[in-house]
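Data block below; observations after.
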Amino acid sequence: MKEKLWTKDFIGVCLSSFFIFITFYSLSATLPAFVTEQLNGDPGQAGWIMTAFIIAAVLMRPFAGRWLDGPKRRIVLLLSLCLFMLATFAYPLAGSFGILLLIRFIHGLSFGVATTGNGAIAIELVPKNRKGEGMGYYALTMNLAMVLGPFLGLVIVEHSGFRLLFGVFAVFGALALALGGTFRVPERKAPAKAAPSPESDVPGFHWRNFVEPKSIPISLTAMLMAVAYSGILTFVPVYAKEIGLSAAASYYFVVYAAMILLSRPFTGKLFDRVPTRYLVYPTIALYTVGLVVLAGAHHGFVFLLSAALIGLGFGTLGPVLQTVAVKAAPAHRTGKATGTYFIFFDSGAGIGSVVLGSIAAAAGTRAMYLVSAAVVAFGAFVYFVSMHRKSRSVPLSESVR
């Protein structure tokens, strides 16, 4: 008999994450216009609004992982959600670029801890034999937020302005905190004073106390996937305008999300039943083909076909890689494993937006997407070297499935 997946606790952590991510994606889409229109800033300053947020989040990931593996993990999570809410309350006070930059940095700090905490706790709340399915649905909350956030934010700004926008997301910040208090946080006991094992923290300021070594190999693959995906998030609207498909651009992420919604019930269950490589290689292939199709798009059907392929490829791959990263670690280090995964993923997104932007400026957006496809294909080689080749030497039951 299957253990229940959709418990009150799991629903609570999914909804809390949804309100965190819809706030993140909406503000990412609307704050550049706020900087240029309301604060009389330039595009360079608008770019720093995102950069400051990502830097702060990445800086907090290692500390978040360690804190969330400790006995006070519930307090850490609630404090981060409280700070996230307070940061959303502060946006109406941003009367200058410097103040806004400070708010974004604080918001990024809270985001780094809260998302690491929710991700680590979610995978612990999922039954052991339904990890892939459960984390697939958990990731779906982020996918939906990615589609709905920019749409909601842009509609509010267009019809009512930034004051209402900030009010709405203050409410969302409060809901993220309120929901964070509804779900059970699996307890951690204070560690006994004993000689450290290879799978435990070591005395002093050691890197193993902040990063999970066993999660690094799969996180390298995730980083390469994120490098390519940053080019989609950042440049698809600009690219659509370049090739005369502006009308289709508004549907791109809708098609992307629709493919995830349609495939998630099947791909999540499949992950729990077959070796991981049977999902990783096909989804990387779909992701690569989708980027090549996007680079060659000349009309709406092909443009949206790339969204479907990337949604099925990267949309499936993301939660699979995160689940593998956590399952590779000892049970008492899930926080560090989740933090490690996001350190690499966020770093890939940050590196990608800069490097791919430079390629697009020098060689064109089509060339940039072909480079992105090559990066994703190289990710399959990295996965083979770091994960698949190693796992073939041990029985399947002893390897990361």
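No value in this document is a laboratory result; all are computed from the given coordinates. Every value quoted in this text rests on a predicted model; they were computed, and no experiment measured them. Glycine also receives a Cβ, built like all others from the backbone with ideal geometry; neighbour counts cover every protein chain displayed.
For region 170-177, the Karplus equation 6.51 cos²θ - 1.76 cosθ + 1.60, evaluated at θ = phi - 60°, returns couplings of 5, 5, 5, x, 5, 5, 4, 5 Hz by residue, with Gly and Pro reported as x. With 30 Å as the limit on Cα-Cα distance, the pairs of Lys269/Lys336; Lys8/Lys269; Lys241/Lys336 that go past it are Lys241/Lys336. The peptide list 352-364, 373-385, put in order of mean Cβ contacts within 10 Å with the highest first, becomes 373-385, 352-364.
Simple spin-label estimate for Asn40 and Leu305 gives 5.0 nm between the two label positions (7 Å along the Cα-to-Cβ direction from each Cα). Scalar couplings 3J(HN,Hα) for region 178-185, obtained by applying the Karplus form with A = 6.51, B = -1.76, C = 1.60 to θ = phi - 60°, are 4, 5, x, x, 9, 9, 6, 9 Hz; x denotes Gly and Pro. Our estimate of slack between Ser386 and Ile11, defined as 0.36 nm per intervening residue step minus the Cα-Cα distance, is 131.6 nm. Pick the calculated semi-axes √(5λ) of the Cα gyration tensor in Å for this structure from (i) 91, 25, 19; (ii) 33, 22, 21; (iii) 31, 27, 19? Step by step, semi-axes √(5λ) of the Cα gyration tensor in Å for this structure corresponds to label (iii).
Using 0.36 nm per residue of separation minus the Cα-Cα distance, give me the extension gain between Phe378 and Asn129 in nm, one decimal.
On the way: separation 249, 0.36 × 249 = 89.64 nm, distance 3.08 nm.
Going from the current span to full extension adds 86.6 nm.
Each peptide in 246-258, 134-146 was scored by the mean count of other Cβ atoms within 10 Å over its residues; highest first, the order is 134-146, 246-258.
For Lys241 and Tyr281, a Förster radius of 35 Å and the Cβ-Cβ distance give a FRET efficiency of 0.55, rounded to the nearest 0.05. Short-range pairs are left out: with C-alpha atoms under 8 Å and at least six residues apart, the relative contact order of the chain is 25 percent. For the chain, the longest stretch holding no GluC sites (Glu not before Pro) located in a DSSP loop with at most 16 other Cβ atoms within 10 Å is which? After excluding every exposed loop site, the longest remaining stretch is 200-401.
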